[in-house]
C-alpha cells in the first residue's frame with residue numbers, strides 16, 4: 001500500500017469524514033500499520049506474496065476476489081492501483097448509489113483499461129494535465145483530478161534524521177531520488193553534469209535508489225571521470241534525510257505522473273528543477289520557485305547552468321518556499337478530494 005493511500009486514509013479518518021477500510025491485494029509493508037490512524041481497518045485479500053502470485057491471481061474470476069472484498073458493504077469504492085484493483089471495482093455488483101472511482105497515478109497510454117474506466121464511469125487523475133488529456137481521449141466518462149496528498153509531518157520528521165555522509169563544503173549539492181531505470185533519465189543527467197564540470201562549475205550529485213541500470217550508470221560515471229561529483233547512495237529506507245540537505249532537487253525524468261518526490265522535496269523547503277513531465281508545471285507554479293526545463297538534454301543543461309551561474313537564485317527559491325510549501329501539505333490537498341467524494 002503506497003504513501004498516497006496512507007495519507008488519504010489518515011486524512012479522512014482524522015477529520016472523521018469517513019469510515020475507511022484499506023484492502024491490500026497481497027501484503028503491506030512491515031511498519032505500515034504503525035503509521036495508520038487507529039480506527040482505519042485493513043482487510044487483506046490474500047495476506048501473502050510470492051514470485052508468480054500476480055500471474056495466478058490474474059487468472060482468478062473477479063467475482064471470487066470481490067466475494068472477499070464484499071463491495072456491497074461500502075458507499076464509495078476506489079480502485080487505487082493500476083490493474084487488478086481497478087478491474088475489481090469495475091466488476092463489483094453494487095447498488096447504483098455506490099460511488100465508484102478509478103485512480104490513475106501515471107497516464108494509461110493507449111487506454112489499456114478503457115473498458116474498466118467506462119464501466120466505472122469516473123476517473124481521478126493525479127494532475128490537471130493528465131485529467132485534461134483523458135477527457136479529450138475518453139469524453140464518455142467523467143474525469144477529475146486530485147493531487148496525491150503526502151503527510152508533511154512524516155516527511156519533515158524523517159528529514160531531521162542524521163546522516164553518515166558529509167555534505168560537500170563547496171559548491172551546490174543536487175539530490176535525485178528514484179528507481180535507477182531508463183525513464184528517470186539519470187544517464188543523460190550525468191552527461192549534462194559532465195559538461196557543467198568542464199565549464200568549471202563545482203557541485204555534487206547524490207543519487208538515492210537502486211534498479212536495473214545501476215551497473216550501467218556506475219560505468220558512465222567511471223568513463224566520464226565523475227566519481228568526485230556523483231555519489232550513488234543506494235536504496236534508502238529514509239531518503240528524506242538526504243534530500244533535506246540538498247540545495248536543489250533534480251527530476252531528470254522522461255515521464256512521470258505527478259512526482260511525489262518533487263512535492264516531498266518542496267515540503268522540506270528544497271527547490272526543484274524538473275523536466276517538463278506531467279504535472280511539472282503545476283508543481284512549480286504552486287511552489288512559485290524552482291524551474292521547469294524542456295525534455296531535451298540541452299534544456300536540462302541550460303537550466304542547471306543558470307542555477308550554478310546565479311549565486312542568489314537558490315536562496316531566493318528557498319525563501320519563497322517558507323510560505324508556498326504549505327500548499328503541498330496533506331490538509332490542503334485533501335480538500336479537493338473531499339469535494340469529489342461528496343463528503
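Taken together, the values in this text are just the output of simple stated rules run on the coordinates, not laboratory data. The structure presented is a predicted model; accordingly, all values stated were derived computationally and were not measured. Here the Cβ is made from the backbone with ideal geometry for all residues, glycine too, and neighbour counts use every protein chain on show.
Stokes-Einstein diffusion of the range 162-260 at 25 °C, 0.890 mPa s viscosity, Kirkwood radius from Cα pairs, rounded to a whole number: 178 µm²/s. Among 56, 220, the order by Cβ neighbours within 10 angstrom, fewest to most, reads 56, 220. Neighbour counts of other Cβ atoms within 10 Å put 337, 196 in the fewest-to-most order 196, 337. Averaging the Cα positions of each part gives two centres, and for the range 6-53 and the range 272-286 these lie 30 Å apart. Dividing the summed -39500 (n - 2.57) terms of all DSSP H runs of n ≥ 4 by the residue count of the chain sets its mean residue ellipticity at 222 nm at -11500 deg cm²/dmol.
If R0 equals 45 Å, the separation of the Cβ atoms of residue 70 and residue 235 corresponds to a calculated FRET efficiency of about 0.80. Exposure proxy shown here: for 3, 333, the number of other Cβ atoms within 10 Å sets the order, fewest to most, as 3, 333.
For the chain, the antiparallel share of DSSP beta bridges with both residues in that region comes to about 0%. With q set to 0.22 Å⁻¹, the log10 of I(q)/I(0) for the range 28-111, from the Debye formula over equal scatterers at the Cα positions, is -1.30.
Only Cα sites of the range 153-328 enter the Debye sum here, all with the same form factor; the resulting log10 I(q)/I(0) across q = 0.19 1/Å is -1.39, listed in q order. The radius of gyration of the Cα set in the range 203-279, together with its Dmax, comes out at 13.0, 36 angstrom. Relative contact order for the range 96-164: 27 percent, from Cα pairs under 8 Å spaced at least 6 residues apart, divided by residue count. With viscosity 1.567 mPa s and temperature 4 °C, the Kirkwood radius over alpha carbon pairs of the range 201-248 converts through Stokes-Einstein to a diffusion coefficient of 111 µm²/s.
Relative to the longest principal axis of the Cα atoms of the chain, the long axis of helix 313-324 makes an angle of roughly 30 degrees. The convex hull around the C-alpha trace of the range 42-194, projected and averaged over every direction, spans 14.0 square nanometres. Does anyone have the angle between helix 3-14 and the longest principal axis of the chain? Alpha-carbon axes, 0 to 90°, nearest 10? Between the helix axis and the principal axis of the chain, the angle is about 60 degrees.
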